[in-house]
1. Of all residues in the range A:43-61, which are charged (D, E, K, R) and touching a Leu at 6+ places or on another chain (Cβ under 7 Å)?
2. Taking the range A:102-139 on its own, how many of its residues are under 22 Å from A:Glu32 (Cα atoms) and part of a strand (DSSP E or B)?
3. Can you confirm whether B:His252 is surrounded by fewer than 24 Cβ atoms within 10 Å (Cβ to Cβ), over 15 Å from B:Glu89 (Cα atoms) and either within 14 Å of chain A (Cβ to nearest Cβ) or modelled with pLDDT under 95 (or both)?
4. Being away from chain B (no Cβ under 14 Å) and in contact with a helix residue (DSSP H, G or I) (Cβ under 7 Å, 6 or more places away or on another chain) narrows it down to one residue among A:Pro98, A:Pro137; which is it?
5. Could you please let me know if B:Leu202 is among the aliphatic types (A, V, I, L, M), in contact (Cβ under 8 Å) with a residue 60 or more places away in the chain and more than 16 Å from the ligand (Cβ to nearest atom)?
6. Is it true that A:Arg133 is among the charged types (D, E, K, R), surrounded by 13 or more Cβ atoms within 10 Å (Cβ to Cβ) and without any contact (Cβ under 8 Å) to a residue 24 or more places away in the chain?
7. Which of the residues spanning the range B:173-192 are of a type outside the set (Ser, Thr, Tyr) and either open to solvent by less than 50 Å² (accessible area, probe 1.4 Å) or within 15 Å of B:Val216 (Cα to Cα) (or both)?
Amino acid sequence: MAVVFGSMEWYEQVKELANKDEGFKKGTADWEGAVRTVVIMDEELLKDYSREEYVRGFMSTVSLMSKEQRAQFEGTPMGNLMKKLGYSLDVDIATIDPAESAKRFSQLTLDDVKGVEMHGVFEPYHGILREMRPIMPDEYKDARFTLSGPYSAWKALCSGKQTSVQLVMSGKMKLEGDMSYMMKHMAAMNALTKLYSQIELV
Amino acid sequence: MYFEIDSGIRENEELTMLREQTHKFAAEVIRPAAKELDQMEPRKVAQKDSPYFDVMKQMKKMGYHRMQVLKEHGGLELTPDEIHIINEELGWGSVGLTTAIGVDSIPLAMASLAGSPELIEEVVRPWMEDTEGKYHGCWPVMEEAHGSDYVIGMSYPYPEEFGNKGFVTADRDGDGWVINGAKSYWTSSAPCANYAFLIVNLPPHRSIADIGGCIVPLTLPGVTQGPPIDKLGLRDDPQGELAFDNVRIPAHYMLLAEPVFGRFATKGVISSTSCGMACMFTGLARAAFEEALKYTRERVQGGRPLIEHDVVKLKLSDMFLKVETARYFTRVVLRHVSERSRALTFDQSTAHALSAQVYATNIAYEVAHQSRQLHGANGLTKDYLIEKLYRDATAGLMEDGANEALSLEAAYSFLEEGRYTTE
Ligand SMILES: Cc1cc2nc3c(=O)[nH]c(=O)nc-3n(C[C@H](O)[C@H](O)[C@H](O)COP(=O)(O)OP(=O)(O)OC[C@H]3O[C@@H](n4cnc5c(N)ncnc54)[C@H](O)[C@@H]3O)c2cc1C
């Protein structure tokens, strides 16, 4: 089933795929440590989110947050974005009409989404993907690595046209953390991000 | 021709054929052209009507520049054993022209491994389709102010000690990059090349560790290619300076834009080139050994051919040992480095790769020296191949890193990577 990048379904599919994949098991056999992921909103995202299915995917992750958690976004770029879309942070997600939100997304400019980030985590551990989910910005602050980049770079990764290592080397993505460990375990990074390209996106 | 001790290779018909075919090319095309180029004025070597370009064209027809390029981009993606066999045979022919085809493929291989789909379309594909020798690559790393610094700086923990002046710099400029500075006149093939995989210093330009790398068409405004230098060895590969004055490249030509990765990736590239050096200098050592065998069979002193004297046999045995150990050590290292480099995993064990280069170039120099000594005064004349082999072997101790610097970096590397434990 085709899914939206970054939606709950997408995270679940990656996890399922990884835990059946021999290449992943081998590539991450000695890996220890979480990787925090940061997707930065850009023009390509605005284009995608003008489609109803994408908004539905986005809302599926927002709906995982409690109202208290959502309140933490007050005054942040994400909070401001919700306001620009016409929603309060404690809105009942079930009442949001995806078609209407997609229309509102299509009227936004790059300035409106400046600084908006979506966070996630993946944590392979000795051949098993034990954690793979969206997270709050303050979670996993001490993760061994942070992999961040604009939405378009993540999409390039999902299309299989470029690997995470290529994207990081060319500066399209940023990788921070324990680099001497990463140097010896780059295969693990590639083993996971290679799976992204096997997931069909809407 | 030597006896292949590894039965897996000896009994493999395809590899045996590849060796014979490459050897024939090295003997019939490379050696005679290299001899002619060796005795020409450097300026003439780099001129369009020089045999240099004919040989490059023929090497491209044979596909030697495509060895490392991924199949999906039109390359051959040869196995490490195939790469090893080809490089040793070409090096047997001449290390100068082998260096030329080697550096030619660096921008290509880097663009294929790390480039965006646009770069593959703009540079790699047309280059792959070129049978006329229109494209020619080079690999400028060192500057006048920084030679060994680049080698030792890969793992040395205090690279800022090497200063922060004299680099070729790249700075962001709108959605592209702008490049300034000059690379050393030791850049192989630079006077003839039209593309470079250029090593640059990235912002904030604190030290040699702020390293990056990009593809630069040398036809861009602001690039100056210096004249070929006159030198002792590798005279069949023209070398010269490259200067960059506000040269602008688009963002997707910058392959290594992050210093941390630039440092790892450069170690990866140097590990691959070190393996190439080790293969071709094993070839040179073998050529020098064969010249000694030939000469000592013919030359009679003390009433019998030199080869019949036990003291000469002992020397030949020592040379044999050196050539054979270089071949088999290099082959095993190349297998590991090649596999890991293609996977872009940066765990290729640089220490092994650099040590293979140091070992092969050291023994090539020693064997060439021993062989030249066995040639008596004839070994000092241009009538005998050993004279050129000896000069080329001398250059091998410095090419792609002084052996002392490579050894030092190998030590830093295996200590840092924790690959040698005593538990
Ligand atoms: C045939 C040939 C081909 C080449 N091709 C290329 C090419 O394609 N691209 C390119 O960029 N360069 C190329 N080079 C340049 C080559 O990489 C450099 O010459 C080499 O790295 C040494 O640098 P250098 O000549 O500046 O010597 P230096 O670095 O000045 O070294 C001089 C001496 O000092 C020693 N030394 C240096 N640093 C230290 C230290 N910290 N501690 C103790 N001793 C030290 C060295 O071992 C050496 O003996 C080529 C050179 C040759 C000879």
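The values are calculated or read from the model by the stated rules, or taken from the named source; none is laboratory data. Nothing here was measured: the structure is a model prediction, and the numbers come from that model. For neighbour counting, all protein chains shown are included, and Cβ atoms are generated from backbone atoms with ideal geometry for every residue, glycine included. Each accessible area value is taken on the protein alone, full model and side chains, heavy atoms only, with ligands, DNA and RNA left out. Shrake-Rupley method; radii C 1.70, N 1.55, O 1.52, S 1.80 Å.
1. A:Glu43
2. Within the range A:102-139, the first condition is being under 22 Å from A:Glu32 (Cα atoms), and the residues that meet it are A:119-139.
Checking which are part of a strand (DSSP E or B) leaves us with A:119-125, A:128-135.
Result for the range A:102-139: 15.
3. yes
4. A:Pro98
5. The answer is yes for B:Leu202.
6. No; evaluated as a whole, the condition is false for this residue.
7. Of all residues in the range B:173-192, those of a type outside the set (Ser, Thr, Tyr) come to B:173-183, B:186, B:190-192.
The answer is B:Gly176, B:Trp177, B:Val178, B:Ile179, B:Asn180, B:Gly181, B:Ala182, B:Lys183, B:Ala190, B:Pro191, B:Cys192.
One line per residue, one yes/no per condition, for (1) part of a helix (DSSP H, G or I); (2) away from the ligand (no atom under 16 Å from the Cβ); (3) open to solvent by less than 30 Å² (accessible area, probe 1.4 Å); (4) among the β-branched types (Val, Ile, Thr):
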site: B:Thr361; (1), (2), (3), (4): yes, no, yes, yes
site: B:Ser371; (1), (2), (3), (4): yes, yes, yes, no
site: B:Gly379; (1), (2), (3), (4): yes, yes, yes, no
site: B:Lys382; (1), (2), (3), (4): no, yes, no, no
site: B:Thr394; (1), (2), (3), (4): yes, no, no, yes
site: B:Asp400; (1), (2), (3), (4): no, no, no, no
site: B:Glu404; (1), (2), (3), (4): yes, no, no, no
site: B:Ser407; (1), (2), (3), (4): yes, no, no, no
